[in-house]
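Some notes on the structure that comes next.
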Amino acid sequence: MNGIVEVLEEVRSSLLGVMEFDDPAGWSDDELLAATAAIEEVGRVVDARRVACAGEVGERSRVELGGERLSTRRGCRSAAELLERVTQVSGAEARRRSALGTATRSRRGLTGDPMEARFPEVAAALADGELGADAACMIVRELDGTRRVADPGDLRTAEHELVAAAVASGDAAPVRCSADELRVQAQVWAAFLDQDGPEPDDERAMRRRGFRFGRARDGLIPVGGELLPEVAAALGRMFDAHLAPRSGGGFMTADERADLERNGEQRTADQQRHDVVAAIIATAARSGEHPTIGGSAPTVLVSVRAADLEAGHGVAHADGVEIPVSMRAARQLMCTGGTQQITFDSAGRIIGLGSPERCFTPHQRRAITLRDGGCLIPGCSVPAAWCEIHHVVPDVDGGPTHTDNGVLLCWFHHRTIETSGWGIRMARGVPQVRTPAWLDPGGGWRQVTKSPTRLADRVERRPAAVA
């Protein structure tokens, strides 16, 4: 190998000697950014050689070689698995390197004559250390799918322009494009090269569309899948509508706007999107427009021991989910969906079946909606249709299922009302809210509403300004 391993070991030792791991903490801003760029330049050179080696491993592990495949001789099922073993990278990274190496390595024709790589300009820029592996992958992935239908000259032009944008060569590219920016440009080129692409893509997308639940871990159920573009767009617009900072704020009072400015949003963007999905599901379930189960709307059955519920600790269990749910979740579901007491004897036989506690009726919900207008927590923009009805005095404590004891709360604020510090009480059938002490230490109770008609009444009752 002409001593390549020894040389690389010397380079590694030199790099370790030049910089300690925590050195950046002592650098100035300019030094930090300059070093970051310089290290990335070295990384591009290393990445190019990683890709080249991965491509060669893939070439020597071709399926047609049978038992003589390199991967087979080393006890691995594929070139990617062999790379994982040798490099300790993830399977996804091994496959990425292998695919890029195959696309940028020189080839031989059926007669044994040498042929250039499928993407020669990408290969050259990689070899020179000018093009990073991320950017190269974006170009190859987007353009490779058009190879069967694209005009060869147009494909070569697209590759040239994208490499130029990535390395900032030419007048049209004064600044290097990031990998994400390059992906957008490559997708535009791919659409130009494959004029008939959307229909075949649509058929493939229809076959691949799906949504699935993963195995529970760390108290959460992971989800995954692929959405059709129009479905993703519609869901994205739902997120936009309900996560916009001023969504639904047209009828806010001056005090509520001040609360919004002061409090801000405590949830991450991912957490907010989760809560929007939770509200969509709850709204759809009670809409009456979906198939029923046993004659009732789709309802989650949650069981909890009476002793645990009374003690306030323990767990509950939701039908169809393999991990337990928290007592807080159980209380929220009881508040929203009602309860039914079932008594067992020591052997497990059912000996008592109580009547289901009555939930808020559609008529009561409409009345509460007109009174509250949306989630009562100041600054929350979730509309009434997406809200749940919260028993101010809990049902298990004897609180009535009456409009004088129910208020609108979004899924998130309903779930956290016992721990967030927000206080809610009813004064002669009118909701009052108290701000958490950490936000407003001296704050007292005040009436709140987001109903435009009630807000209009308030405006009319205000005294005229003194000139």
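The values are calculated or read from the model by the stated rules, or taken from the named source; none is laboratory data. Source: prediction; values computed, not measured. All Cβ positions, even for glycine, are placed from backbone atoms using ideal geometry, and neighbour counts span all protein chains on display. Note: areas computed on protein heavy atoms with side chains; ligands, DNA, RNA excluded. Shrake-Rupley method; radii C 1.70, N 1.55, O 1.52, S 1.80 Å.
When 259, 240, 201, 255 are screened for being acidic (Asp, Glu), outside any strand (DSSP E or B) and at pLDDT 70 or above, only 240 passes. Looking only at residues of the stretch 302-322 that are among the acidic types (Asp, Glu) and either modelled with pLDDT of 70 or more or touching a Phe, Trp or Tyr at 6+ places or on another chain (Cβ under 6 Å) (or both), we find that the one that is farthest from residue 214 (Cα to Cα) is 310.
Among the residues making up the stretch 75-89, those that are open to solvent by 70 Å² or more (accessible area, probe 1.4 Å) and in a helix (DSSP H, G or I) are 85, 86.
For the stretch 24-51, the set of residues classified as part of a helix (DSSP H, G or I), more than 26 Å from residue 123 (Cα to Cα) and open to solvent by 50 Å² or more (accessible area, probe 1.4 Å) consists of 25, 26, 29, 30, 31, 32, 33, 34, listed by residue number. Is there a residue being among the small types (Gly, Ala, Ser), open to solvent by less than 70 Å² (accessible area, probe 1.4 Å) and within 21 Å of residue 137 (Cβ to Cβ) anywhere in the stretch 57-67? Yes - at least one qualifying residue is present in the stretch 57-67. For the stretch 363-373, state whether one or more residues are closer than 22 Å to residue 274 by Cα and either at pLDDT below 85 or open to solvent by less than 20 Å² (accessible area, probe 1.4 Å) (or both). No, because not a single residue in the stretch 363-373 is closer than 22 Å to residue 274 by Cα and either at pLDDT below 85 or open to solvent by less than 20 Å² (accessible area, probe 1.4 Å) (or both). As a summary of the residue check, residue 141 satisfies the conditions (1) closer than 24 Å to residue 95 by Cα; (2) assigned to a loop (DSSP other than H, G, I, E, B) except for the one numbered (2).
Consider the stretch 1-23. How many of its residues are open to solvent by 90 Å² or more (accessible area, probe 1.4 Å), assigned to a helix (DSSP H, G or I) and among the aliphatic types (A, V, I, L, M)? Matching residues across the stretch 1-23 total 4. When the stretch 386-399 is filtered for residues that are at pLDDT below 80 and open to solvent by 50 Å² or more (accessible area, probe 1.4 Å), the ones remaining, listed by number, are 396, 397, 398.
The test for being in a helix (DSSP H, G or I) and farther than 30 Å from residue 167 by Cα holds for residue 64. Any residue in the stretch 71-97 that is farther than 16 Å from residue 59 by Cα and in contact (Cβ under 8 Å) with a residue 24 or more places away in the chain sitting within a Cβ distance under 7 Å of a residue that is open to solvent by 20 Å² or more (accessible area, probe 1.4 Å) and among the hydroxyl-bearing types (Ser, Thr, Tyr)? List the pairs, counting only those 6 or more apart or interchain. Taking only residues 6 or more apart or on different chains, not a single pair turns up. Residue count for the stretch 101-136, restricted to those that are exposed (fewer than 12 other Cβ atoms within 10 Å of the Cβ) and at pLDDT 90 or above: 0.
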